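Peer 1: Here's a structure for you.
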Amino acid sequence: MKEKLEQIKEEALAQIRASKTPEQLNEVRVSQLGKKGALTEILKGMKDVAPEDRPRIGALVNETRSEIEKVLEEARSRMEAHIRDARLAKETIDVTLPAENMNVGHVHPNMRALKEVEDIFIGMGYEVVEGPEVERDYYNFEALNIPADHPAKDEQDTFYINGDILLRTQTSSTQVHEMEKGKLPIRMIAPGRVFRSDEVDATHSPSFHQVEGLVIDKHITFADLKGTLSVFAKELFGEDTRVKFRPHHFPFTEPSAEVDVSCFKCGGKGCRFCKGEGWIEILGCGMVHPHVLEMSNIDPNEYSGFAFGVGLERIALLKYEIDDMRLLYENDIRFLKQF
Ligand code: DAH
C-alpha cells in the first residue's frame with residue numbers, strides 16, 4: 001500500500017512539474033485529488049481493509065494528499081507571480097514622456113460661412129428654422145408657383161423617390177412650411193442641404209447648401225428688401241460693399257432680382273477675382289408673389305413680404321477665396337485645416 005501511495009504521489013508531482021499554466025495545474029488537481037482521482041479510489045476501497053489497519057492507511061492517504069496539495073499550491077503561486085511580473089513589465093508607462101498630440105476637429109468652411117450668415121440675421125431679429133430634405137412636389141414646386149408643366153422644373157431637375165416625393169431642389173420649400181403654420185409675422189432664415197441632378201465640376205455638385213430668407217408682415221416693401229440685403233452684404237463682405245439689384249425672374253417672387261455685390265478684392269474696379277466685372281453675383285430675391293401667399297392662406301391684401309435665397313458654398317468660396325467647390329467636399333485635412 002505504501003508503494004502504491006508513493007507511486008500516486010510521484011505521478012502527481014510529475015504532472016505538476018509538466019504544467020505550464022494555472023489551467024493545467026487545475027486539471028492535475030481534479031484528476032489526482034478529485035472525486036475520480038486515484039486517492040479517492042483508495043479511500044473508497046477502505047471497506048475491504050481489515051478494521052485494525054484502517055486508521056494507519058487512512059492517515060497515510062491523508063498525508064499523501066496534503067503533500068500533493070502543498071506542491072500544487074506552491075506551483076500555483078509561483079506561476080501567478082510570474083504572470084503578474086510579466087504583465088507589470090509590459091504595462092510600464094513612462095510618465096515623464098511628453099503627451100501625445102491630441103487632434104481636435106476643425107470647423108468646415110461651409111459651417112463657418114453659415115455661422116456668419118446666421119449671426120447677421122439673428123442680429124436683425126430673424127429666427128433660424130429647418131425644413132425637410134425629402135420633400136413633397138407640392139412644397140418644392142407647386143406651392144411656389146411652379147405647376148407641373150412649368151419650364152422652371154426642367155432647370156431644377158432632381159432625384160425623385162416617386163412621382164410625388166423628391167429631394168428638395170431649393171430651401172424655398174421651407175417658406176411654404178413656415179407660412180402654413182399660420183403664425184404671422186414671419187422673419188426667418190432656413191439653411192439646409194439641397195439636391196439637383198447636376199454633374200460635379202468646379203462650380204456644381206448634385207448636393208449643396210442654401211440659406212433661404214423670408215419676411216412677411218404688414219407694409220413690407222421692396223425698400224425693406226433692399227435695406228436688409230445691403231446690411232447683409234456689408235456685414236459679410238465689409239463696410240464699403242455696395243449692392244446692385246438686377247431684374248430677374250423667379251416664379252415665386254414678383255418683382256424678382258438677382259443681387260450683385262461690389263468686388264471686395266478690387267472695390268469694383270475689376271480684377272481677376274471678379275473676372276474684370278467689378279461685381280459678383282451672390283443671391284436671388286424678390287417680393288413674395290401674391291398667389292404664393294394665397295396658396296398658403298395668407299391674405300395678400302393685408303400682408304406682403306420678401307424672400308431671398310443664397311448659395312452657402314458660393315459665400316464660402318468667395319469669402320475664403322477658394323477656387324474649386326470640389327475642395328469643400330473632398331475632406332482633405334491639409335486643405336480644410338487652413339480655415
Ligand atoms: N430658390 C432659388 C434657387 O434655388 C433661389 C431664390 C431666388 C430664393 C429668389 C428665393 C428668392 O427665396 O426670392 O435658385
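Quick note: the coordinates plus some simple rules give every number you see, no bench work behind them. Please read these numbers as outputs of a predicted model, since none were measured by experiment. Using ideal geometry, Cβ is built from the backbone for each residue, glycine included, and neighbour counts are taken over all protein chains shown.
Peer 1: Please compute the length gained on full extension between Val134 and Ser66, using 0.36 nm multiplied by the number of residues separating them and subtracting their Cα-Cα distance.
Peer 2: Taking 0.36 nm per residue and subtracting the Cα distance, the gain is 16.7 nm.
Peer 1: While we're looking at this one, here's another question. Could you work out [θ]222 nm for the chain from helices alone, using -39500 (n - 2.57) per DSSP H run of at least four and dividing by all its residues? Round to the nearest 500 deg cm²/dmol.
Peer 2: -12500 deg cm²/dmol
Peer 1: Name the residue from Val243, Tyr320, Gly305 whose Cα lies farthest towards the positive end of the charge dipole of the range 192-339, charges +1 on Cβ of Lys and Arg and -1 on Cβ of Asp and Glu.
Peer 2: Most positive-ward Cα: Tyr320.
Peer 1: Distance between Cα centroids, the range 182-234 to the range 54-120: provide it in whole Å.
Peer 2: Result: 58 Å between the Cα centres.
Peer 1: Something else about it: Nothing charged except the Cβ atoms of Lys and Arg (+1) and of Asp and Glu (-1): what's the magnitude of the dipole of the range 216-307 about its Cα centre? Round to the nearest 20 debye.
Peer 2: The calculation lands at about 640 debye.
Peer 1: Also: Which of rounded, prolate, oblate describes the chain, given a ≥ b ≥ c as roots of the alpha-carbon gyration tensor eigenvalues and a/c under 1.5 marking rounded, otherwise prolate only if a/b is larger than b/c?
Peer 2: prolate
Peer 1: In addition: Name the GluC sites (Glu not before Pro) in the range 65-124 that are in a loop by DSSP and that have at most 15 other C-beta atoms within 10 Å, would you?
Peer 2: Sparse-neighbourhood loop GluC sites (Glu not before Pro): Glu91, Glu100.
Peer 1: Give, rounded to the nearest 20 debye, the magnitude of the charge dipole that the chain has about its Cα centre when Lys and Arg contribute +1 at Cβ and Asp and Glu contribute -1 at Cβ.
Peer 2: 1640
Peer 1: Gain in length, Asp157 to Asp217, computed as 0.36 nm per residue apart minus the alpha-carbon separation, to one decimal in nm?
Peer 2: Contour length minus the Cα-Cα distance gives 18.4 nm.
Peer 1: Still on this structure: Give Lys218/Lys244; Lys181/Lys218; Lys226/Lys319; Lys153/Lys226; Lys183/Lys234; Lys20/Lys70 a once-over and call out the pairs whose C-alpha atoms are over 19 Å from each other.
Peer 2: From Lys218/Lys244; Lys181/Lys218; Lys226/Lys319; Lys153/Lys226; Lys183/Lys234; Lys20/Lys70, over 19 Å: Lys218/Lys244; Lys226/Lys319; Lys153/Lys226; Lys183/Lys234.
Peer 1: In the chain, if the dipole is taken from +1 on Lys/Arg beta carbons and -1 on Asp/Glu beta carbons about the Cα centre, which of Met1, Val292, Cys263 is farthest to the positive end?
Peer 2: So the residue furthest toward the plus end is Met1.
Peer 1: When ranked by the protection proxy of mean other Cβ atoms within 10 Å per residue, highest first, what sequence do the peptides 58-65, 306-313 form?
Peer 2: Put in order of decreasing packing, that is 306-313, 58-65.
Peer 1: So if each residue of separation counts as 0.36 nm, and I subtract the Cα-Cα distance between Ala81 and Arg272, what length gain in nm does that give?
Peer 2: Here the segment from Ala81 to Arg272 would lengthen by 61.2 nm.
Peer 1: While we're here: When we measure straight from the Cα of Lys2, which lysines land under 19 angstrom away, once same-chain ones fewer than 8 places off are left out?
Peer 2: Result set, ordered by chain and number: Lys44, Lys47.
Peer 1: If the only charges are +1 at each Lys and Arg Cβ and -1 at each Asp and Glu Cβ, what is the size of the charge dipole of the range 1-128 around the Cα centre, to the nearest 20 debye?
Peer 2: 780
Peer 1: Suppose each label sits 7 Å from its Cα in the direction of the beta carbon; what would the Gln24-Leu327 distance come out to in nanometres?
Peer 2: Label at Gln24, label at Leu327, 6.4 nm between them.
Peer 1: With point charges of +1 on the Cβ of Lys and Arg and -1 on the Cβ of Asp and Glu, referenced to the Cα centre of the range 105-219, which listed residue (Met188, Gln175, Ser207) lies farthest in the positive direction of the dipole?
Peer 2: In the range 105-219, that residue is Met188.
Peer 1: Using only alpha carbons, build the gyration tensor for the range 53-134 and give me the equivalent ellipsoid semi-axes, biggest first, whole Å.
Peer 2: Taking √(5λ) for each eigenvalue gives 77, 22, 9 Å, largest first.
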